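All remarks here apply to the structure that follows.
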Amino acid sequence: MTPPAAPAVPGKDFLSILDLSPDEMLRLLDLAAQLKTERLLGCEAPTARALQGAHVALLFEKPSLRTRTTFEIAVNELGGHTLHLPREFADGAREPLEDLARNLERWVTALVIRTYAHEKVVTLARSAQRLHVINALSDAEHPCQALADVMTLRERWGTCEGRTIAYVGDGNNVATSLVHAMPRLGISVHVATPRGYELPARVVEDAMRTARAGAQVRAFSDARQAVADASAVYTDVWTSMGQEIEAAVRRKVFRAYQVNGDLMAAAAPGALFMHCLPAHRGEEVSAEVFESPASVVFDQAENRLHAQKALLLMLLP
Ligand code: CP
Ligand code: NVA
């Protein structure tokens with residue numbers, strides 16, 4: 001018999017951008033900007049002991065450079081401790097995920113999990129009333145990435161309202177969280193995908209519920225049309241982790257969706273180039289664009305740390 005799901009605890013988990021209200025997301029972004037400045041203070045930073053005594057477990061079923069590293073540093077710089085759980089614990093084979101969560105909540109404050117199946121994140125979150133569960137990327141969403149992306153755009157643009165960002169490529173986890181996050185800041189999103197690789201309709205409906213300042217989400221099949229008037233162009237890998245068997249087919253299907261110099265020239269003057277990384281030069285982005293002054297990819301990577309620190313401070317007691 002499957003153990004009963006615990007009653008939902010509002011504000012306990014971060015599985016999706018939709019778990020934050022637009023105002024909470026703005027507060028988080030303000031806090032992240034403050035933490036970025038205060039990092040220069042090192043051990044003297046006002047938050048250096050904020051998570052003292054807290055343990056945060058990291059469980060990664062898939063590879064990670066940025067997410068794993070930045071969560072580990074974030075917890076340490078806030079005075080807490082991390083522990084790495086073996087990836088096979090996410091299989092649910094040795095014991096059910098419900099029991100994993102109910103054990104963990106007796107010892108640790110939070111679980112940061114990266115998994116192939118979004119339902120696993122949901123199951124873990126619903127199984128323990130005290131364990132804070134953070135989605136560090138699932139097949140469906142990558143909300144921590146979107147926080148860093150929005151932070152990067154605020155730094156570059158100041159006021160975001162009325163801007164447009166174009167996402168070109170696969171309607172995947174990164175695209176989903178981007179579409180959830182941007183309209184809340186008044187940023188419209190143009191999503192260009194090949195047919196059959198569109199975002200689920202539900203994602204757009206959810207995003208529009210919290211859209212501000214007339215922001216829209218529009219779907220395109222033509223990349224050039226999507227980037228016209230866009231002040232930023234975003235792409236991600238054509239083959240996500242877990243889809244490797246489809247890689248050859250995807251390389252053909254997505255060929256017309258490469259972000260290269262020609263496509264950037266069709267965007268608004270001064271448009272930024274964004275990518276969550278890792279990137280494949282010569283596939284979804286040309287080397288020229290990746291290395292160009294328009295590219296803010298390493299700002300995005302840096303901001304993962306500051307945004308996740310802010311998230312931990314807002315979520316954890
Ligand atoms: N962007 C991102 O999540 O990178 P990692 O897969 O290296 O964590
Ligand atoms: N869409 C990619 C993002 C990697 C950070 C993947 O899921 O593999």
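The values are calculated or read from the model by the stated rules, or taken from the named source; none is laboratory data. Because the structure is predicted, anything quoted here is derived from the model rather than measured. Cβ placement follows ideal geometry from the backbone for every residue including glycine, while neighbour counts extend to all protein chains displayed. The protein model used for the area step is the full one, side chains on, heavy atoms only, and it has no ligands, DNA or RNA in it. Shrake-Rupley method; radii C 1.70, N 1.55, O 1.52, S 1.80 Å.
A few comments on the model shown:
- The distance from the alpha carbon centre of region 178-228 to that of region 142-175 is 11 Å, rounded to a whole number.
- For the chain, dividing the convex hull volume of the Cα atoms by the residue count gives 130 Å³ per residue.
- Separation between Cα centres of region 71-99 and region 41-70, rounded to whole Å: 12
- Local electrostatic count at ASP91 - Lys and Arg +1, Asp and Glu -1, tallied over other residues with Cβ under 11 Å: 0
- Applying 0.36 nm per residue to the separation of ARG251 and ARG94 and subtracting their alpha-carbon distance, the gain on full extension is 52.8 nm.
- Heavy-atom surface of the chain, accessible at 1.4 Å and reported per residue (Å²): 44
- Relative contact order [Cα under 8 Å, 6+ residues apart], region 143-190, whole percent: 50
- Top of ALA287, ALA301, ALA267 by mean-square fluctuation, Gaussian network on the chain, Cα under 10 Å: ALA287
- Carbon/sulfur fraction of accessible area - the chain, other protein chains in place, 1.4 Å, %: 51
- Nearby aspartates and glutamates by direct alpha-carbon distance to LYS62 (threshold 15 angstrom, same-chain neighbours under 8 apart not counted): GLU88, ASP91, ASP139, GLU141, GLU244
- Scoring 83-91, 143-151 by mean Cβ neighbours within 10 Å over their residues and listing the highest first yields 143-151, 83-91.
- GLU72 paired with ALA213, simple spin-label distance in nm, labels 7 Å along Cα-to-beta-carbon: 3.8
- Helical mean residue ellipticity (222 nm; -39500 (n - 2.57) per DSSP H run of 4+; nearest 500) of the chain: -11000 deg cm²/dmol
- Projecting the Cα atoms of VAL259, GLY186, ASN173 onto the charge dipole of region 123-281, computed from C-beta unit charges around the Cα centre, puts GLY186 farthest toward the positive end.
- Estimated at the nearest 10 Å², the accessible area of HIS55 is 70 Å² with a 1.4 Å probe.
- A quarter of the convex hull surface defined by the alpha-carbon atoms of region 196-265 gives 6.0 nm² as the mean projection.
- Note on the chain: with a GNM built from Cα contacts shorter than 10 Å, the maximum mean-square fluctuation among VAL289, VAL249, VAL56 falls on VAL249.
- Mean separation of Cα contacts under 8 Å, 6 or more apart, over the residue count of the chain: relative contact order %: 19
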